[in-house]
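Structure first, commentary second.
Nothing in this text is a laboratory measurement; each read-out follows from the coordinates by a stated rule. All of these numbers come straight from a predicted model, not from anything done at the bench. With ideal geometry, Cβ positions are generated from the backbone for all residues, glycine too; neighbour counts draw on all protein chains shown.
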Amino acid sequence: MNNSRYVGIWKNWYFEEGDPNKNNPDFSGQHTANSLINLMYFNYDDRALWKNKDLECFFYTDAQSRNIKELNTAYISGNQMVISCYVPYGTTSVAFPTWTESNGQDDLIWHSGTIKYGTVAECTIDLNTHNKESGNYITHVYAYDKNGNCAKVAGINNYVNTKINNVHVKKDKMKGYTVSCDLPTGTTRVKFPTWSDVDGQDDLIWYDGTVDNGKGSITIDAAYHNNVGGKYITHIYAYDKYNNLIAFADTSALLSTRTEIYNAKLTNSTSGIIQCSFYAPVGTDSVLLTVTAEQAGRYGVRTYNVPVTSVNGYVLKNIYKSDHYNAVGRYSVDIEARNSKNRTLGNKVGLYTDMK
């Protein structure tokens, strides 16, 4: 701005400590969202502007504010930061020098901002220009008028995580595994493309994972990958709200290659109990046990649906005489493994023994 006398007309402006008008009752209060947009300045020396005008106002010898106000982070993600603030009226250019804290100012870049409505400044900072480093970013603001006068403020700090971290794989019983991870700042969507190592990517599925409090997760079920065992590969893609890819990671898991019910046996006890034990094949969600007590006829038949809760697929089920009309003698047990789609896996096994 030049040395002309200007009159500023506004309502509910905010004054900083030390401003001589801070306690003036005609200018007290907090500034509102639209007050700066509606702010108008008149050059008192331009008589044409004042013709037929009736205004009551204060006059200042220098209307240029020395303050940059309300510096804030409008948006942040692992890809970019958007910094905004209010700058003095008459600002013609604005710069947002930014650097990461870890190595001093070795990556200092003076990012150019844009000015809207005369007083609203904004800058989008592409984190790729700072090697997409995770850590603390420091941003200052310099606002210049047409004569090169500068208002400046020492800045704002933002911690940004730009990477997928702490990737963990946990076996999910016998039927699959769960992948969890820490997501980059600003992630709103995460995908987990997954396939088994058998026959390439013929079973590739792009799973939509969950995003909760900065963490992503997905549970992979072998039922959706032909129930094969062995190595599974999972990639992780994190996206921001604009559908931009922020970061990528990958991991893998090993599932059992057992395809049949293994080592099934019945063990008698002297207290009216038969123990049925076996190992289920890969992909098993639950097993169906059909138990028949021959002495009780049709009343002695019961079906048990037993979930497989162990990581290695081991199942132990107690069969009680009291549940079969206290019948003694021959008991037959048929075992069938099923996946989460209720599909039978591998072989069916039939066993028999005597209840005492």
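Straightening the chain between E260 and C150 buys 31.9 nm, computed as 0.36 nm per residue apart minus the Cα-Cα spacing. Each Lys and Arg Cβ is given +1 and each Asp and Glu Cβ -1; about its Cα centre, the stretch 262-355 then shows a dipole of about 160 debye. Each other residue within a Cβ distance under 12 Å of H168 adds +1 if Lys or Arg and -1 if Asp or Glu, for a net charge of +2.
What the Cβ-Cβ distance of N166 and N243 gives, at R0 = 22 Å and to the nearest 0.05, is a FRET efficiency of 0.35. Using a cutoff of 8 angstrom between alpha carbon atoms and counting only pairs six or more residues apart, the relative contact order for the stretch 234-356 works out to 26 percent. Taking each of K170/K231; K171/K321; K171/K241; K231/K317 in turn, the alpha-carbon distance tops 25 angstrom for K171/K321; K171/K241; K231/K317. Summarising the label geometry, the points placed 7 Å from Cα in the beta-carbon direction at Y320 and N136 lie 6.3 nm from one another. The label-point distance for I233 and Y207, in a model that sets each label 7 Å from Cα toward Cβ, rounds to 1.7 nm. Could you check the simple spin-label distance between N342 and A74, using points 7 Å along Cα→Cβ, in nm with one decimal? Taking the simple label geometry, N342 and A74 are separated by 5.4 nm. Less than 16 Å from a label point 7 Å out along the Cα-to-Cβ axis of N103: which backbone N atoms in the stretch 116-139 qualify, by residue? Counting backbone N atoms under 16 Å from the label point, the list is 127-138. Inter-part distance, the stretch 109-161 to the stretch 292-345, computed on C-alpha centroids, equals 69 Å.
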